[in-house]
1. With the structure loaded, tell me whether residue A:119 is part of a loop (DSSP other than H, G, I, E, B) and either aromatic (Phe, Trp, Tyr) or under 19 Å from the mean Cα position of the chain (by Cα) (or both) or whether it fails that test.
2. Right, residue A:48: buried (at least 23 other Cβ atoms within 10 Å of the Cβ), part of a helix (DSSP H, G or I) and among the small types (Gly, Ala, Ser) or not?
3. Evaluate the range A:11-23: report whether one residue or more is more than 14 Å from chain B (Cβ to nearest Cβ), touching a residue at least 60 places away in the same chain (Cβ under 8 Å) and in a loop (DSSP other than H, G, I, E, B).
4. Would you please name the residue that is nearest to the other protein chains (Cβ to nearest Cβ), looking only at residues in the range A:81-103 that are of a type in the set (Gly, Ala, Ser) and without any contact (Cβ under 8 Å) to a residue 60 or more places away in the chain?
5. Could you tell me which residue of the range B:167-189 is surrounded by the fewest Cβ atoms within 10 Å (Cβ to Cβ), considering only residues that are more than 19 Å from residue B:113 (Cα to Cα) and more than 9 Å from chain A (Cβ to nearest Cβ)?
6. Can residue B:101 be described as surrounded by 16 or more Cβ atoms within 10 Å (Cβ to Cβ), in contact with an Asp or Glu (Cβ under 8 Å, 6 or more places away or on another chain) and closer than 20 Å to residue B:130 by Cβ?
7. When residue A:62 is evaluated against the numbered criteria (1) assigned to a strand (DSSP E or B); (2) in contact with a Phe, Trp or Tyr (Cβ under 6 Å, 6 or more places away or on another chain), which criterion, by number, is the only one it fails?
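The values are calculated or read from the model by the stated rules, or taken from the named source; none is laboratory data. Quick caveat: nothing in here was measured; it's all calculated off a predicted structure. FYI the Cβ positions are ideal-geometry reconstructions off the backbone, even for glycines, and counts take in every protein chain you see.
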Amino acid sequence: MSKLSIKNLHVAVKGKEILHGVDLDVSEGETLALLGPNGHGKSTLLAAIMGNPAYQVTAGTIMLDDQNVLALSPDKRSRAGLFLAMQYPSEIPGLNSADFLKAAMNAHADKPLSLFQFYNSLQKAYEAMGIPFEMSKRNLNEGFSGGEKKRNEMLQMKLLQPKIALLDEIDSGLDVDAMGIVAKAIGDEEARGAGFLVVSHYARLYNMIKPTRAAILINGRIAVSGGIDLIEKVDTQGYEWIKTELGIPVEKENDNAMNSVSIGACATRVAVNNDGK
Amino acid sequence: MTENEVTKTLTYVDEIPASLSLKVPAKTSLKLCLAAFRPLQNTRIDIEVGEGGTFEGVFADFSSSQYTFTLNVYLEGSHSSCDWHLAAIADKNDSKRYDTSVFHKKEESLGLMSNYGIAEGESKLVFAGISEIEKGAKKTHTRQVAKIIVFDPKADGQASPILKIGENDVEASHAAVVGRLSEEHLFYLESRGIDEAMAKRLITLGYLKPIELQFDSEALRQKIDDAIEGGVSHD
């Protein structure tokens, strides 16, 4: 059984430290709910685990069993069994979804899939996610609605079958039906034995996927970890009790960190998409 | 195009003449298809389009070259048109400059210039050219698009199309964008297990592949496909 193990992790974005020593474990077969106010480092943690180059790990370790994850490029982390469902999946102009999925699946396979194997799994995954198969002909995430992008992330998870999946606000932008579909996809992977690190603000998703543990990230550190009663406590009381009960002052939201990341993406999107209008 | 009496297609693969001067007589169409996979010398093409004539040009340039490509399209007659598409890769020490110009001499002419490129390695890629509307060329429509993605830190891309407008009653626009390859896009693809070289190849394909649709020959399309992939496979 694989285990993702994070110790004393410090992460900076554009020279500003966001995570100040995070300790966290997730094993296959368990689902950890990661809570915390906006701007305290949840997305930063997930991006750093996956190896987003905009996030610099300045100290600490991330291990997947006996593999040093920090020494691996993002594609190798993926092939080692990690998966990140992104909060804002990139739109890639001109890149056909099916071509992309084929490249991703082949990267994970020992030998290239036959056309039959590929289309067979593709069709099943689209059906399971309630996405019309026609969408496989569209460009990757281009013009997809928020909900379609999130379902498309889950579709990729189903096809790549990670050991440990990191889900960054996978429920944002989803209506109730879509949330049911996403929750089922997570449930299926849990049943297969995958481990999950799930970031969400809403108890509704957590109620559907039944986490095994919960942790709260405050000021760039894990302030509390424990049972799933924490989820309900946060849902009903917010984070004020952290200060009163634990004596940890909760810093004000700081979202500067995210802004610096998306500049490149926008620039190319303009370069490729926008006809100068 | 269907209303024109004569439609002619000229295709040059690699053997592009250093100098080419063509006339498109009134009410006829010319399609010029260029594809290059081997080094090119300086090339200059002049096209004169008569009344109601149509010029369509397409150029897939995957050559490893240090050269200037010059295209001048003279829309001599009223209701004449020019529709140009270029897809170019510059790599290693390539230095490629494209001056693609269109001169609107008469009224109600249409000029579209579209240049797309990728600069890799230590190459230099320049998209320039003038779209000029002379006085009296009323109700003319002209548009220049120049877009470059710069893949590597030492590569240089410049897009500077120029509009010169001597008449009021016209529609003219241009778009010039030079952008670096998005790290966020690369990361997204890599986070799915796709290595960097393959990720770049997929992004390039998406950017340059539309040029293939302009070619009728299936064999040539396949060759362009291979060249697009080959263009980024070395790194």
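1. Numbers: part of a loop (DSSP other than H, G, I, E, B): no; either aromatic (Phe, Trp, Tyr) or under 19 Å from the mean Cα position of the chain (by Cα) (or both): yes.
No: the conditions fail for residue A:119.
2. On the way: buried (at least 23 other Cβ atoms within 10 Å of the Cβ): yes; part of a helix (DSSP H, G or I): yes; among the small types (Gly, Ala, Ser): yes.
Against the criterion (buried (at least 23 other Cβ atoms within 10 Å of the Cβ), part of a helix (DSSP H, G or I) and among the small types (Gly, Ala, Ser)), residue A:48 qualifies.
3. The answer is no; no qualifying residue exists.
4. Applying the first criterion (of a type in the set (Gly, Ala, Ser)) to the range A:81-103 yields A:81, A:85, A:90, A:94, A:97-98, A:103.
The next check asks that each one be without any contact (Cβ under 8 Å) to a residue 60 or more places away in the chain; those that pass are A:97-98, A:103.
Details: A:97: 11, A:98: 12, A:103: 5 Å.
Out of the qualifying residues, it is A:103.
5. Initial filter on the range B:167-189 (more than 19 Å from residue B:113 (Cα to Cα)): B:167-169, B:179-189.
Checking which are more than 9 Å from chain A (Cβ to nearest Cβ) leaves us with B:167-169.
Values: B:167: 16, B:168: 8, B:169: 10.
Only one residue tops the list, namely B:168.
6. Details: surrounded by 16 or more Cβ atoms within 10 Å (Cβ to Cβ): yes; in contact with an Asp or Glu (Cβ under 8 Å, 6 or more places away or on another chain): yes; closer than 20 Å to residue B:130 by Cβ: yes.
So residue B:101 passes the test.
7. Result: residue A:62 fails condition (2) only.
Table: residues versus (1) surrounded by 19 or more Cβ atoms within 10 Å (Cβ to Cβ); (2) within 14 Å of another protein chain (Cβ to nearest Cβ); (3) in contact with a Ser or Thr (Cβ under 9 Å, 6 or more places away or on another chain).
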position: A:105; (1), (2), (3): yes, yes, yes
position: A:109; (1), (2), (3): no, yes, no
position: A:129; (1), (2), (3): yes, no, no
position: A:133; (1), (2), (3): no, no, no
position: A:141; (1), (2), (3): yes, yes, yes
position: A:152; (1), (2), (3): yes, yes, yes
